[in-house]
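S.K.: Sharing a structure with you now.
The values are calculated or read from the model by the stated rules, or taken from the named source; none is laboratory data. Small disclaimer: the values here were computed from a predicted structure and weren't measured. With ideal geometry, Cβ positions are generated from the backbone for all residues, glycine too; neighbour counts draw on all protein chains shown. Ligands, DNA and RNA are stripped out before the accessible areas are found, and what is left, the full protein with its side chains, is counted by its heavy atoms. Shrake-Rupley method; radii C 1.70, N 1.55, O 1.52, S 1.80 Å.
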Amino acid sequence: MQAIIPENVENANHARNITAARTVFVMLYVYAIDGEDGRVRPSMVTVMTDEQCLQQSRKARESWRSLVLRPKKPNFPGRWYSENTREPIRDDTIAALRQIGAVDEVPGVPVTSSKPRYYLARDFANLLNPLLNEAELEELILIWRTAHLAKGALILQSLKEQELRSEIYVEFGHIKHPMAPGKSSVLTKAAVEVFAHNFLEKPEVLLISESADKVHREFGKGLDRIGLKIDPKKTLPDLIIAETGSKGFRLVFIEIVHTDGPISNTRKRNLLELAKGSRLTEEECTFVTVFASRSDPAYRKVQSSIAWGSFVWFADEPERILHLVDKKKKKQTLNDLLDM
């Protein structure tokens with residue numbers, strides 16, 4: 001289950017834990033699969049036992065299904081769960097599996113009915129075929145995820161997989177800039193290749209800084225051209241991108257956050273001082289903090305310290321951006337903001 005369902009999908013803990021695995025097993029055991037005639041009710045999961053699992057013949061499985069569907073179910077020694085666990089299995093486990101398309105139910109069965117109604121979707125059941133080799137399984141998992149999981153969950157899973165690479169390349173223009181592996185580099189890549197594409201007309205990357213190489217030599221000419229003097233020992237953002245489109249020049253300072261270090265009020269003031277050295281005004285500067293997602297612990301940790309007037313971008317929601325509007329400088333109504 002954990003190999004198939006990414007940990008960042010909604011209610012993932014209920015779809016990836018041991019109870020979810022046992023629920024899916026019981027559905028397989030009684031042929032509760034799309035196209036087969038078996039169906040499951042939550043109480044059937046509670047009465048399964050390790051001993052019964054070993055009885056694998058079709059006759060044994062069908063006999064057990066008939067037995068546990070009787071009005072008066074036997075109380076098997078060693079049952080997996082107590083009787084009062086059926087509600088959490090229904091409301092948490094099965095609901096989470098239904099949400100991602102792994103489980104379906106017979107329509108029209110009243111909630112209060114004891115009639116079995118749940119079964120595995122065929123494409124999910126296909127993933128559990130023990131005859132699949134690793135390559136075949138990976139291909140089917142990718143197809144299933146693309147069909148059933150939300151775009152954000154797929155993006156986060158991709159980011160997580162990128163973290164495992166030995167080297168990460170950030171591509172812009174004709175440059176392929178190498179970065180050390182890790183979440184910070186993955187988010188930097190997303191900021192340059194996705195954020196800049198979505199929210200800037202004509203972006204030019206002026207700086208990508210890393211702890212091992214604060215200011216790479218390839219960025220020197222661009223910084224010199226606008227007169228921006230960078231001192232690696234002082235204020236240095238993770239990323240600087242210039243907007244050079246038709247609506248005018250703008251310097252975009254970006255902080256990549258996977259633990260701490262957002263664009264705070266103090267950070268914003270320091271970066272404005274840096275910009276003033278290049279004779280740029282505050283109106284020509286924009287500040288963005290990048291996170292993996294709104295559910296990222298790093299975001300919850302620092303959200304109260306993010307500067308007003310700055311933007312927040314989440315890699316798993318690439319077409320959206322959060323603006324912490326500061327209306328002290330100019331009176332704006334909700335209508336004004338909605339027309340922006």
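To keep it simple, each residue is scored yes or no on (1) open to solvent by 70 Å² or more (accessible area, probe 1.4 Å); (2) within 20 Å of Asn198 (Cβ to Cβ); (3) hydrophobic (A, V, I, L, M, F, W, C).
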residue: Glu273; (1), (2), (3): yes, no, no
residue: Lys276; (1), (2), (3): yes, no, no
residue: Leu280; (1), (2), (3): no, no, yes
residue: Thr286; (1), (2), (3): no, yes, no
residue: Ser293; (1), (2), (3): no, yes, no
residue: Pro297; (1), (2), (3): yes, no, no
residue: Arg300; (1), (2), (3): yes, no, no
residue: Ser310; (1), (2), (3): no, yes, no
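S.K.: Could you check the range 68-89 and list, in sequence order, the residues that are surrounded by fewer than 13 Cβ atoms within 10 Å (Cβ to Cβ) and either of a type in the set (D, E, K, R) or over 26 Å from Ala15 (Cβ atoms) (or both)?
M.R.: Within the range 68-89, Arg70, Pro71, Lys72, Pro74, Asn75, Pro77, Glu83, Glu87 qualify.
S.K.: List the number of the failed condition for Leu223; all other conditions in (1) closer than 29 Å to His174 by Cβ; (2) at pLDDT 90 or above hold.
M.R.: (2)
S.K.: Now a separate question. How many residues, within the range 195-212, are surrounded by fewer than 17 Cβ atoms within 10 Å (Cβ to Cβ) and closer than 30 Å to Ile141 by Cα?
M.R.: Final tally of qualifying residues: 2.
S.K.: Given the options Glu139, Glu163, name the one that is out of contact with any strand residue (DSSP E or B) (no Cβ under 7 Å at 6 or more places or on another chain), within 30 Å of Ile321 (Cα to Cα) and open to solvent by 50 Å² or more (accessible area, probe 1.4 Å).
M.R.: Just a single option satisfies the conditions, and that option is Glu163.
S.K.: Shifting gears a bit: Quick one: in the range 44-82, which of the residues that are in a helix (DSSP H, G or I) and of a type in the set (S, T, N, Q) is nearest to the chain's Cα centre (by Cα)?
M.R.: Step by step, filter the range 44-82, then rank; the result is Thr46.
S.K.: Looking at Gln332, Gln303 in this structure, which one is assigned to a loop (DSSP other than H, G, I, E, B) and either in contact (Cβ under 8 Å) with a residue 12 or more places away in the chain or polar (S, T, N, Q) (or both)?
M.R.: That would be Gln332, the only listed residue that is assigned to a loop (DSSP other than H, G, I, E, B) and either in contact (Cβ under 8 Å) with a residue 12 or more places away in the chain or polar (S, T, N, Q) (or both).
S.K.: I would also like to ask the following. In contact with a Gly (Cβ under 7 Å, 6 or more places away or on another chain) and at pLDDT 90 or above: which single residue out of Asp50, Asp34, Asp91 fits that description?
M.R.: Sole residue among the options that is in contact with a Gly (Cβ under 7 Å, 6 or more places away or on another chain) and at pLDDT 90 or above: Asp50.
S.K.: Still on this structure, please answer the following. Please go through the range 258-271 and pick out each residue that is buried (at least 16 other Cβ atoms within 10 Å of the Cβ), without any contact (Cβ under 8 Å) to a residue 60 or more places away in the chain and not in a helix (DSSP H, G or I).
M.R.: Listed by number, the residues that qualify are Gly261, Pro262, Ile263, Ser264.
S.K.: Quick one: in the range 22-37, of everything that is assigned to a loop (DSSP other than H, G, I, E, B) and over 19 Å from Pro74 (Cβ atoms), which residue is most open to solvent (accessible area, probe 1.4 Å)?
M.R.: Of everything passing the filter in the range 22-37, Asp37 is most open to solvent (accessible area, probe 1.4 Å).
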